[in-house]
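Single-structure report; data block below.
The values are calculated or read from the model by the stated rules, or taken from the named source; none is laboratory data. Just so we're clear, the structure is a prediction, and the values are computed from it rather than from any experiment. Ideal geometry is used to build each Cβ from the backbone, glycine not excepted, and the neighbour counts take in all protein chains shown. For accessibility, only protein heavy atoms count, side chains too; no ligands or nucleic acids. Shrake-Rupley method; radii C 1.70, N 1.55, O 1.52, S 1.80 Å.
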Amino acid sequence: MSALRRSVSEAFWAMCAADSMSMPVHWYYNIQDIRRDFGGWISGFNTPADRHPSSILSLSNTAGSGRTAWSTGEKRADVVGNIILHEKLELWRSSNGSVHYHQGLQAGDNTLNVLCALRVARTLVSRRFTDVSQPDARAAVLSDYVQFLTTPGSHADTYAESFHRSFFAGWQDSRPTSPSEVLRFAEKRSKQMLSSQFPDSQLDAIGCLPMILPFVLLSASASEDQAVSAAVEFVKLTHPHPNVPEYVKIYSRALHAVLGGGSVRQQAEYALRRLEVWDTCQSYSYKASRFPASPEERLKVHQSAVNHLGLACYNRGALSSLFYLAYEFHDDPKGGILTNTNCGGENCNRGSALGALLGAGAAYSGGGIPQEWKDELRAAQELLPDILKKML
């Protein structure tokens, strides 16, 4: 296997591992809840607890983006339960207020966003697109996406974030399914939303990254411009917010460079400077370096850094945290994935993109995530071998 193919392979595996590792403690904003619910810091794959200590699932809008209280105007039909997440509506409306976002998943499972990413990869390699930046690639991916999310029993996750709900709130009126029809719908919706005076802030979120990862990974041998274009043109269809393309460009350029043998640490520095948080990150990096013999103390520094830079989903803060962790764990994907998990907050989507970056880099030194982790990743074990075999 060539170095480039090995880099792509390890990126896919680490993407899945980081998401699955964080899944049980996704959106744990009080990090001490992690220790309480799991008897210490996370060190392996786990099944979620029955209750989530800070769940606000019952406040989420079941008919579209955001929270229920934000929705205005006429009452729209529920997307949750009717179009997507079949048989999950009662969990969203539970009165106990502590339903886990990923109830129904088991140790080693992936969240919906990474399952979607794996489907993107499978579609792209199965159709053998030579240039995934072209419209026909986006059309095929979106058609498969619609089929996957609207088919009852296609996955076990309980949560779908705002971008899914927003997409299908618009889709349910005409319900296009063929590649050309879905692409036409998505392009029209994107154009309208990108020109709106009031962009949906819930779309300017790190959840924009998982589904673009395969577009970059499968463009590893193409030019940077082609890889970035593939990611940006697709994300405009899922996350039509004016801020998102620039953030996706920053991440995609870094990942593409690392896939080609570039330094993770150097690319992380470039990104942190673009995000204007380099000096802040250097301060935390220095603090962490003062505890070479104390993993617990270093973890506290990293948790503090992520809490300061951005613990939530919004892109600027989440990307700052992602690239800070990439800088610190540039040669240690296992350590980076575990630290990301134990920092809490929006650790799944942040983690999947961090994992891809660290996995891609580690491959060039013969590293990657542990084999025992790969063995425990249920969806990845089912889908990735065939995807990797079919890669051009």
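Overview of values
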read-out: Between the range 200-231 and the range 242-312, the Cα center-to-center distance that results, in Å; value: 19
read-out: Partner lysines for Lys188 [C-alpha distance under 17 Å; skip if fewer than 8 residues away on the same chain]; value: Lys236
read-out: Accessible area in the full protein assembly, largest first, 1.4 Å probe, for Arg5, Arg36; value: Arg36, Arg5
read-out: Formal net charge of residues neighbouring Gly310 (Cβ-Cβ distance under 14 Å; K, R +1; D, E -1); value: -1
read-out: Estimated FRET transfer efficiency (Arg35, Thr177; beta-carbon r; R0 51 Å; 0.05); value: 0.65
read-out: Cross-link partners of Lys88 among lysines (Cα-Cα below 22 Å; sequence separation of 8 or more within a chain); value: Lys75
read-out: Over the range 273-374 - Rg/Rh using Cα atoms and the Kirkwood inverse-distance radius; value: 0.95
read-out: Mean Cα-pair separation over length for the chain, i.e. relative contact order, pairs under 8 Å, 6 or more apart, %; value: 27
read-out: Neighbour net charge for Tyr364 - beta-carbon separation under 11 angstrom, K R +1, D E -1; value: -1
read-out: Count, lysine Cα pairs under 30 Å in the range 285-392, 8 or more residues apart or across chains; value: 9
read-out: The range 33-184, Rg to Rh (Cα coordinates; Rh as Kirkwood inverse mean 1/r); value: 1.02
read-out: Dipole magnitude of the chain, debye to nearest 20 (Cβ charges: Lys/Arg +1, Asp/Glu -1, about Cα centre); value: 360
read-out: Alpha-carbon centroids, the range 1-72 and the range 150-192: separation in whole Å; value: 22
read-out: Protection proxy ranking, peptides 203-212, 126-135, 272-281, average beta carbon neighbours within 10 Å, highest first; value: 203-212, 272-281, 126-135
read-out: Other-chain or far-sequence residues with amide H under 5 Å of Val99's (modelled H); value: His52
read-out: Per-q log10 I(q)/I(0), the chain, q = 0.09, 0.11 Å⁻¹ (Debye; single scatterer per alpha-carbon; no solvent); value: -0.47, -0.72
read-out: Neighbourhood charge, 11 Å Cβ-Cβ cut-off, centred on Pro240 and excluding it, Lys, Arg +1 and Asp, Glu -1; value: +1
